[in-house]
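Below is one structure, written out as structure tokens, with a few remarks after it.
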Amino acid sequence: MNCKQFFSRYGQFIAIFFGTSSLIAGILFMLYFPSMFDKIFFKQLALREGSKSYGYWNSPPQPLYLDVYLWNWTNPEEFTNKSINPKFEEIGPFRFQEIPKKVNVKFHDNNSTVSYRKSSQYFFVPEQSKGRMDDVITSINVIALSAASRAKHWGYLGTKAMTVGFKIYNANYYVTKNASEWLFDGFEDPMINSAKNNPFITNIPMMFDKFGWFYKKNNTDIMLGDFNVDTGVDDISKIGKIRLWNHESQTSFYEGQCGKLSGSGGDFFTPNITKDQILELFSPEMCRSIPMDFEEEVTIHGVKTLKFSGGDRAVDNGTLYPENECFCSGECVPKGLFNVSSCRYGTPVFMSFPHFYYADDYYHSQIDGMSPDEEKHKFFMAFEPKTAIPLEVAARFQINLLIEPIPSILLYRDVQKKFMPILWFEQHVKMSESIADEIKLVLNMPKIGQAIGAIQCIIGIIILISIPIIKLSTYRRKRKVKDFDKNGNVLLSVNKLNDNLLLSADKRTVPEAKKLLNKK
């Protein structure tokens, strides 16, 4: 049996098989491909060695920058005059390229978590900065303020000893240094050396030999602590959730509920975000999580996102949200600043948004030079809701110090009580179009799979419908009788002859029929 004979005999069965298979496959694709793809995608999204998310987590796909703005105190000599507000001018930005990495990474398969530490290298980018490293900046003497804040609880002899110490070291409540010293290089101070050499006298823990707001943060992993977060391998809805920080599930810096770890460890958020959620981002610099509320829908490079921002909830101290009162740490202040002193070795550090954005007018009335602007100073993150991938992040915070009169310490006896701005920083990252295109492809794959399934269904239906048509055509072709032989002579089928015989004699026009009748 040759191929032609084979297909002539079994062609319709082959067509039925392929048509039915295509139809069933198409239906299955339309019904199950979206869920199958999601399962595959979320498996890749889970944090494990070799997954695509691991590469993004360990080494971000696009450059990161840290912009720092320093507040220069222009009238420090007038600080004892209570009728004159402190005046500040913003210097910067000082832009640094950041190259982050995770170190001491260890996966724990028994509970689907990963432990690690964070380290970053910072490189000054002068061509993208408005500030220079040799800019001279006057600001609060953080070392003296920190010592005085502790000493005020020591009693009469302790405060007198601190007063003498300030005189010996010729300390003042403000100090002038260049930008590089305030930031990464740090500067020496005799009080630091004294505290390191005599910890039993000063009772002030000193971790470093210099002071700088980012001193020892460049290319080290000692500043941010140990993290332990969920990988999402067993349950993708838990990915990125912080389990432990410095090996504890609750910090000692805040009381009660405020001390419990919650939210994202900073790299992943749980998928399928909805507008009614409150998202939380844990910040090791503040030893707490920052809540974010849904604000609006925005489209970034063609991808629809949900924008969450820090608002009243993030900077409230119990006035609007009673559950936030435990963040006061003994110093409840009007909305807009929150106390992180316990997280900063007792130094009276208060965090806010830049320029006291979203803060009570109380703070603006104290300080000259603040110009809050929503576009420049809002803290927000915009997520693609299904994948929880942030397409734009603007992490912006300001460091402030509370300086207040301490009657028992001469240096601080006549100062004003003010929340003084020191610096503010931002990391503003917007995903590139190429990454956005990858996200769009991921989001469209279920629809593409369903479209392929629909095409398969159509092909299967066409094949199955075509079978009886082809079969009927083949049957008619076999039953057809040729009217002429190869020599052109007219042929007559038996059926045609019988039909002709039924005609009356005068209507029988076929010669062959007449001959047969004559013989009969």
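Results, tabulated for the structure shown:
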quantity: 1.4 Å probe accessible area per residue over the stretch 102-260, in Å²; calculated: 53
quantity: Dipole magnitude of the stretch 148-193 about its Cα centre (Cβ charges: Lys, Arg +1; Asp, Glu -1), debye to nearest 20; calculated: 380
quantity: Relative contact order, percent, the chain [alpha-carbon distance under 8 Å, six or more residues apart]; calculated: 17
quantity: Rounded if a/c under 1.5, otherwise prolate or oblate - the stretch 308-386, Cα gyration tensor axes; calculated: oblate
quantity: 28 Å Cα-Cα threshold exceeded, pairs from K43/K440; K87/K217; K238/K260; K210/K430; K87/K160; K82/K376; calculated: K87/K217; K210/K430; K87/K160; K82/K376
quantity: Karplus (6.51, -1.76, 1.60) ³J(HN,Hα), θ = phi - 60°, over the stretch 426-441, in Hz, Gly and Pro reported as x; calculated: 8, 10, 10, 10, 10, 4, 6, 5, 5, 5, 4, 5, 5, 5, 4, 4
quantity: Net charge of Cβ neighbours under 15 Å - reference P60; Lys, Arg +1; Asp, Glu -1; calculated: +1
quantity: Those aspartates and glutamates that a straight Cα-Cα span of less than 16 Å connects to K130, excepting residues fewer than 8 apart in one chain; calculated: D67, E89, E90, E426
quantity: Built amide H within the under 5 Å cut-off of N178, gap 5+; calculated: I137
quantity: Span from the the stretch 53-116 Cα centroid across to the the stretch 312-353 one, whole angstrom; calculated: 20
quantity: For S119, residues with placed amide H under 5 Å, excluding near neighbours; calculated: K101, V103
quantity: Computed [θ] at 222 nm, deg cm²/dmol, the chain (DSSP H ≥ 4; -39,500 (n - 2.57); rounded to nearest 500); calculated: -10000 deg cm²/dmol
quantity: Total formal charge among the other residues, if their Cβ is under 9 angstrom from that of L391, Lys/Arg +1 and Asp/Glu -1; calculated: -1
quantity: Matching label, Rg/Rh (Cα atoms, Kirkwood Rh) computed from the structure shown, candidates [x] 0.95; [y] 1.37; [z] 1.01; calculated: [y]
quantity: For the stretch 126-169, alpha-carbon Rg over 2.2 N^0.38 Å; calculated: 1.83
quantity: Residues in the stretch 223-261 that a label on K106 would reach, taking backbone N under 20 Å of a point 7 Å out along Cα→Cβ; calculated: 223-233, 240-250
quantity: The chain - percent of accessible surface contributed by carbon and sulfur, probe 1.4 Å; calculated: 55
quantity: Cβ-derived FRET efficiency at R0 25 Å, S21 paired with Q44, nearest 0.05; calculated: 0.25
quantity: Residue-span extension gain [F37 to E295] - 0.36 nm each, minus C-alpha spacing; calculated: 89.9 nm
quantity: Computed over the stretch 1-132: relative contact order in percent, which uses C-alpha pairs under 8 Å that are six or more apart; calculated: 17
quantity: Residue-normalised accessible area of the stretch 336-413, expressed per residue, 1.4 Å probe, Å²; calculated: 32
quantity: Amide proton proximity set for I389, modelled H, under 5 Å, gap of 5+; calculated: E384
quantity: Positive minus negative residues near I273 (Lys, Arg vs Asp, Glu; Cβ under 9 Å); calculated: +1
quantity: Dipole-positive endmost among P190, P446, C328 within the chain (Cβ charges, Cα centre); calculated: P446
quantity: Of all DSSP beta bridges in the chain, antiparallel share, percent nearest 5; calculated: 95
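The values are calculated or read from the model by the stated rules, or taken from the named source; none is laboratory data. Treat the numbers as computed from the prediction; the structure is a model and nothing was measured. A quick note on method: Cβ atoms are made from the backbone with ideal geometry, for glycine too, and the neighbour counts reach across all protein chains shown. Surface areas here come from the heavy atoms of the whole protein model, side chains and all, with no ligands, DNA or RNA. Shrake-Rupley method; radii C 1.70, N 1.55, O 1.52, S 1.80 Å.
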